[in-house]
Amino acid sequence: MLIVLPPSETQARPARGRGLDLARLSFPELTEARVRVLDGMVATSARPDAMRRLEAPAGAAAEVARNVEVRTAPAVAAARLYQGVLYDAFDPATLEAAALRRAGRRVVIVSSLLGAVRLGDRVPAHRLPICAQLDGLEEAPGLEAYWRARLGPVLTAAAGAGVVVDLRSSSYAPLWRPGPELADRWVVLRVPGSPHGAKATRGRVARLLCAEPTAPGDAPALAAVVGAAFDVDLRPPDRDRRPWVLEVN
């Protein structure tokens with residue numbers, strides 16, 4: 001099972017610790033692409049028009065300025081870095097040991113900075129929306145297109161033969177759309193109601209699935225697991241190469 005999460009702009013800011021080590025990250029085949037994005041973010045963040053290029057609000061000026069030091073800034077495990085509603089509900093730090101090991105294997109976070117990371121990967125705090133326009137990536141119309149061209153083989157291999165549980169927000173969904181070889185095992189979670197409530201439910205579902213000892217092998221099995229804790233409605237794909245939809249209340 002592959003559980004795909006979005007990142008969060010709400011992040012921890014550790015005061016000390018070792019910096020980013022690209023050689024120790026999961027998915028080393030993304031290293032070259034990561035270097036280009038890191039270089040581009042640092043260069044762009046030092047520009048006078050950095051706030052506009054990064055489409056950052058005025059209140060994020062200090063975070064954008066700190067982007068310049070991202071290579072030497074303290075890095076922490078992604079499980080600790082990302083905060084906010086979804087990650088507060090997921091709360092991997094309080095998982096039992098076996099569930100935390102499963103989370104390390106099952107969860108992948110799609111990242112605007114590093115493409116894709118696992119919970120144990122050490123990542124520095126950064127301010128980089130997926131809509132940013134970075135120096136050095138002019139051939140790609142934005143980060144979304146840049147990563148979309150590179151993440152397909154990586155995440156398809158990570159999925160293996162298991163079900164893909166897609167808990168991403170709409171902003172990060174375009175970075176990877178599973179191909180036809182995964183279409184019958186691709187399940188997108190939909191949560192009616194407020195965005196705040198939807199994020200919390202996605203976090204609770206991620207936690208539930210990491211606590212499950214046996215990974216569900218297909219969409220109906222996934223619905224059965226989630227349905228033990230939530231009201232669910234599983235809908236089959238409406239056409240070829242489209243995902244199953246699991247509505248959760």
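No value in this document is a laboratory result; all are computed from the given coordinates. Note that the structure is predicted; figures quoted are calculated from it, not measured. Virtual Cβ from ideal backbone geometry, glycine too; neighbours counted across all protein chains shown.
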Considering only C-alpha atoms, what is the centroid distance from segment 1-66 to segment 189-228, in Å? 28 Å
Radius 15 Å from Cβ of ALA158, net charge of other residues (Lys, Arg +1; Asp, Glu -1): +4
Principal axes first, then extents: for the Cα atoms of the chain, list largest minus smallest coordinate on each axis, whole Å, largest first. 52, 38, 35
Beyond 27 Å, how much of the Cα-Cα pair distribution for segment 68-208 remains, as a whole percent? 22 percent
Collect residues whose amide H, placed 1.01 Å from N in the peptide plane, falls under 5 Å from the amide H of VAL123; neighbours closer than 5 in sequence don't count. VAL76, ALA77, ALA78
Could you work out the local net charge near PRO124, counting Lys and Arg as +1, Asp and Glu as -1, over the other residues with Cβ closer than 15 Å to its Cβ? +4
Amide H within-cut-off set for VAL163, under 5 Å, with H built and near neighbours excluded: LEU2
10 Å Cβ shell holding at most 14 others, DSSP loop, GluC sites (Glu not before Pro): longest site-free stretch of the chain: 182-249
What fraction of the DSSP beta bridges in the chain is antiparallel, stated in percent and rounded to the nearest 5? 45 percent
For Cα pairs less than 8 Å apart in space and 6+ apart in sequence, what is the mean separation divided by the residue count of segment 34-167, i.e. the relative contact order in percent? 30 percent
Which ³J(HN,Hα) values in Hz, rounded to whole numbers, follow from the phi angles of segment 76-84 under the Karplus curve 6.51 cos²θ - 1.76 cosθ + 1.60, where θ = phi - 60° and Gly and Pro get x? 10, 4, 4, 4, 9, 5, 7, 10, x
What's the local net charge at ALA78, with K and R +1, D and E -1, over the other residues with C-beta under 9 Å away? +2
Under the rule a/c < 1.5 gives rounded, and otherwise a/b versus b/c splits prolate from oblate, where does segment 150-203 land using the Cα gyration tensor? prolate
Decide, for segment 168-249, between rounded, prolate and oblate: order the square roots of the alpha carbon gyration tensor eigenvalues as a ≥ b ≥ c, take rounded if a/c falls under 1.5, and otherwise choose prolate if a/b is larger than b/c, else oblate. oblate
Percent relative contact order for the chain, counting Cα pairs under 8 Å at least six residues apart, stands at 25 percent
Taking a ≥ b ≥ c as the square roots of the Cα gyration tensor eigenvalues, with a/c under 1.5 meaning rounded and otherwise prolate when a/b beats b/c, else oblate, which class fits segment 36-134? prolate
